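Chemist: Below you will find the structure I want to go over with you.
The values are calculated or read from the model by the stated rules, or taken from the named source; none is laboratory data. Quick caveat: nothing in here was measured; it's all calculated off a predicted structure. Every residue, glycine among them, receives a Cβ derived from its backbone with ideal geometry; neighbour counts consider all protein chains shown.
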Amino acid sequence: MTKVFVIFSFINDELHLLTREGKLGHELVYEYELDSTPMSKRKSLSAFYAVVDDYTVAHYNFSPILSVDKFVENQGALVCEALGELWPLFKKSCYKLPSVFLKSTFNFDQATFYGGSFNPWHEGHDECLRRSKGENIIIVPDRNPWKEEQGHACYFESLKELLNRFKDTDYNIFPGFYGLEHANPTVSWIDRTVFKEKSLLMGDDNFCHIFKWKDSSSLFGMINSIEVLFRSHDLEEIQRVKSQILKVKDNLTIDLLGSHPYMDLSSTKVRESKK
């Protein structure tokens, strides 16, 4: 199985990545011997990442990470996962990431996680952020296991679109789950995060199906609150699910963020309109 390496270096305090530029996009180093850390399992390759002080590979050069637009094949997903390894989600990282990932308001006291496939992002997603009471919101792009959606040509290219969209805001973006090839239920990772208090931000479609989430009862015990923006479900159904959740954990705060002008929007509709 092919070995592919995501090799970072901090040059003058700026994050760089070792690549070579081809006709179809940037390519990562492959089939090389390097002291590195393995990443998640992939169908067609073995992926590793490393942070080095200095390293030379013939025909490859270090480029500032944000100067790269896209990668060949599925390599953009590998870069997203490797960036997540540098992000202080599960441990307080010693690496200084570009400010488009981590904003000055980032802290370890409380975090509100806003996850989704966001394929594509639209005004309904923006409204969810605007209505949230969270002061340390972390956008978590991910694949949705309940939706059959087309993948991204390059996950890093899609990530950069989000980074550019929110570069002048206080919203943080965690890239580490973007383009994973395995299921990634919230219950499998949120309890391992380093924050003292943890909240989820979501639309009512996810909220009303939350008991379908893996081990949802355990998940409720791992978080302090849920914020829910209305979209496609009526208030009676939302209140019913809220009551069911509170029977599992009666001190869980559930904030209903109300209706808004973009309730008819969905990523599916946006994609269909572009065909």
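Chemist: Given the condition surrounded by 15 or more Cβ atoms within 10 Å (Cβ to Cβ), touching a Lys or Arg at 6+ places or on another chain (Cβ under 8 Å), without any contact (Cβ under 8 Å) to a residue 60 or more places away in the chain and part of a loop (DSSP other than H, G, I, E, B), answer yes or no: does some residue in the stretch 55-63 qualify?
Modeler: So far as the stretch 55-63 goes, yes, one or more of its residues are surrounded by 15 or more Cβ atoms within 10 Å (Cβ to Cβ), touching a Lys or Arg at 6+ places or on another chain (Cβ under 8 Å), without any contact (Cβ under 8 Å) to a residue 60 or more places away in the chain and part of a loop (DSSP other than H, G, I, E, B).
Chemist: Condition first: surrounded by 17 or more Cβ atoms within 10 Å (Cβ to Cβ) and at pLDDT below 95. Now tell me which residues in the stretch 121-154 satisfy that.
Modeler: W121, G124, D142, R143, H152, C154
Chemist: Working carefully through the options L89, L83, find the one that is outside any loop (DSSP other than H, G, I, E, B) and either modelled with pLDDT of 95 or more or on the phi > 0 side of the Ramachandran plot (or both). Let's see the steps before the verdict.
Modeler: Values: L89 fails: outside any loop (DSSP other than H, G, I, E, B).
The conditions single out L83.
Chemist: Quick one: would you say F101 is assigned to a loop (DSSP other than H, G, I, E, B), surrounded by fewer than 19 Cβ atoms within 10 Å (Cβ to Cβ) and in contact with a helix residue (DSSP H, G or I) (Cβ under 9 Å, 6 or more places away or on another chain)? Before the answer, list the steps.
Modeler: Numbers: assigned to a loop (DSSP other than H, G, I, E, B): yes; surrounded by fewer than 19 Cβ atoms within 10 Å (Cβ to Cβ): no; in contact with a helix residue (DSSP H, G or I) (Cβ under 9 Å, 6 or more places away or on another chain): yes.
Against the criterion (assigned to a loop (DSSP other than H, G, I, E, B), surrounded by fewer than 19 Cβ atoms within 10 Å (Cβ to Cβ) and in contact with a helix residue (DSSP H, G or I) (Cβ under 9 Å, 6 or more places away or on another chain)), F101 does not qualify.
Chemist: Go through the stretch 215-265 and give me each residue that's among the small types (G, A, S), at pLDDT below 95 and farther than 21 Å from G134 by Cα.
Modeler: Once the filter is applied, which keeps residues that are among the small types (G, A, S), at pLDDT below 95 and farther than 21 Å from G134 by Cα, the stretch 215-265 yields only S232.
Chemist: Then there is this: Would you mind finding the one in S199, S218 that is polar (S, T, N, Q), outside any loop (DSSP other than H, G, I, E, B) and touching a residue at least 60 places away in the same chain (Cβ under 8 Å)?
Modeler: On the way: S218 fails: touching a residue at least 60 places away in the same chain (Cβ under 8 Å).
Exactly one residue qualifies, and that residue is S199.
Chemist: Look at I139 and say whether it is without any contact (Cβ under 8 Å) to a residue 60 or more places away in the chain, closer than 25 Å to L219 by Cα and aliphatic (A, V, I, L, M). Before you say what the answer is, go through the steps one by one.
Modeler: Values: without any contact (Cβ under 8 Å) to a residue 60 or more places away in the chain: yes; closer than 25 Å to L219 by Cα: yes; aliphatic (A, V, I, L, M): yes.
Taking the combined requirement at face value, the residue satisfies it.
Chemist: Test E227 against the criterion of being within 22 Å of the chain's Cα centre (by Cα), in contact (Cβ under 8 Å) with a residue 12 or more places away in the chain, surrounded by 13 or more Cβ atoms within 10 Å (Cβ to Cβ) and assigned to a loop (DSSP other than H, G, I, E, B), and give yes or no.
Modeler: Values: within 22 Å of the chain's Cα centre (by Cα): yes; in contact (Cβ under 8 Å) with a residue 12 or more places away in the chain: yes; surrounded by 13 or more Cβ atoms within 10 Å (Cβ to Cβ): yes; assigned to a loop (DSSP other than H, G, I, E, B): no.
Spelling it out, it is not the case that E227 is within 22 Å of the chain's Cα centre (by Cα), in contact (Cβ under 8 Å) with a residue 12 or more places away in the chain, surrounded by 13 or more Cβ atoms within 10 Å (Cβ to Cβ) and assigned to a loop (DSSP other than H, G, I, E, B).
Chemist: Of the residues that sit in the stretch 187-213 and are buried (at least 17 other Cβ atoms within 10 Å of the Cβ) and of a type in the set (S, T, Y), which one is nearest to R131 (Cα to Cα)?
Modeler: S199
Chemist: Additional query: Do we find that H182 is in contact with an Asp or Glu (Cβ under 6 Å, 6 or more places away or on another chain) and assigned by TED's automatic domain parsing to the domain that holds E123 in this structure?
Modeler: Numbers: in contact with an Asp or Glu (Cβ under 6 Å, 6 or more places away or on another chain): no; assigned by TED's automatic domain parsing to the domain that holds E123: yes.
When the stated conditions are applied, H182 does not pass them.
Chemist: Being surrounded by 14 or more Cβ atoms within 10 Å (Cβ to Cβ) and among the small types (G, A, S) is true for just one of S216, S243. Which residue is that?
Modeler: On the way: S243 fails: surrounded by 14 or more Cβ atoms within 10 Å (Cβ to Cβ).
Testing whether each residue is surrounded by 14 or more Cβ atoms within 10 Å (Cβ to Cβ) and among the small types (G, A, S) leaves just S216.
Chemist: Another question, if that's okay. Taking the stretch 104-138 on its own, how many of its residues are of a type in the set (D, E, K, R), farther than 15 Å from S225 by Cα and out of contact with any Phe, Trp or Tyr (no Cβ under 9 Å at 6 or more places or on another chain)?
Modeler: Going through the stretch 104-138, the residues of a type in the set (D, E, K, R) turn out to be 109, 123, 126-127, 130-131, 133, 135.
If we keep only those that are farther than 15 Å from S225 by Cα too, we end up with 123, 126-127, 130.
Within this subset, residues satisfying the condition of being out of contact with any Phe, Trp or Tyr (no Cβ under 9 Å at 6 or more places or on another chain) are 130.
So the count comes out to 1.
Chemist: Pairs under 6 Å by beta carbon, first residue within 25 Å of E123 (Cβ to Cβ) in the stretch 165-182, partner at pLDDT 95 or above and assigned to a strand (DSSP E or B), six or more apart or different chains?
Modeler: From residues that are within 25 Å of E123 (Cβ to Cβ), the pairs are Y171/I137; Y171/I139; N172/I138; I173/I139; F174/I138; F174/V140; Y178/P141.
Chemist: Next up: Test Y32 against the criterion of being free of Cβ contacts under 8 Å to residues at least 40 places away in the same chain, more than 22 Å from F174 (Cβ to Cβ) and in contact with a Lys or Arg (Cβ under 9 Å, 6 or more places away or on another chain), and give yes or no. Steps first, answer last, please.
Modeler: Details: free of Cβ contacts under 8 Å to residues at least 40 places away in the same chain: yes; more than 22 Å from F174 (Cβ to Cβ): yes; in contact with a Lys or Arg (Cβ under 9 Å, 6 or more places away or on another chain): yes.
When the stated conditions are applied, Y32 passes them.
Chemist: For the structure I just gave you, tell me whether F48 is more than 30 Å from E197 (Cα to Cα), in contact (Cβ under 8 Å) with a residue 60 or more places away in the chain and surrounded by 12 or more Cβ atoms within 10 Å (Cβ to Cβ).
Modeler: On the way: more than 30 Å from E197 (Cα to Cα): yes; in contact (Cβ under 8 Å) with a residue 60 or more places away in the chain: no; surrounded by 12 or more Cβ atoms within 10 Å (Cβ to Cβ): yes.
Considered against the rule, which asks whether it is more than 30 Å from E197 (Cα to Cα), in contact (Cβ under 8 Å) with a residue 60 or more places away in the chain and surrounded by 12 or more Cβ atoms within 10 Å (Cβ to Cβ), F48 comes out as no.
Chemist: Something else: Taking the condition of a type outside the set (D, E, K, R), closer than 18 Å to R271 by Cα and buried (at least 20 other Cβ atoms within 10 Å of the Cβ), does L83 pass? Don't jump to the end; show me each part of the working.
Modeler: Values: of a type outside the set (D, E, K, R): yes; closer than 18 Å to R271 by Cα: no; buried (at least 20 other Cβ atoms within 10 Å of the Cβ): yes.
So L83 fails the test.
Chemist: Please tell me if Y155 is of a type outside the set (A, V, I, L, M) and within 27 Å of H260 (Cβ to Cβ). Give the derivation first.
Modeler: On the way: of a type outside the set (A, V, I, L, M): yes; within 27 Å of H260 (Cβ to Cβ): no.
For Y155, the condition - of a type outside the set (A, V, I, L, M) and within 27 Å of H260 (Cβ to Cβ) - is not met.
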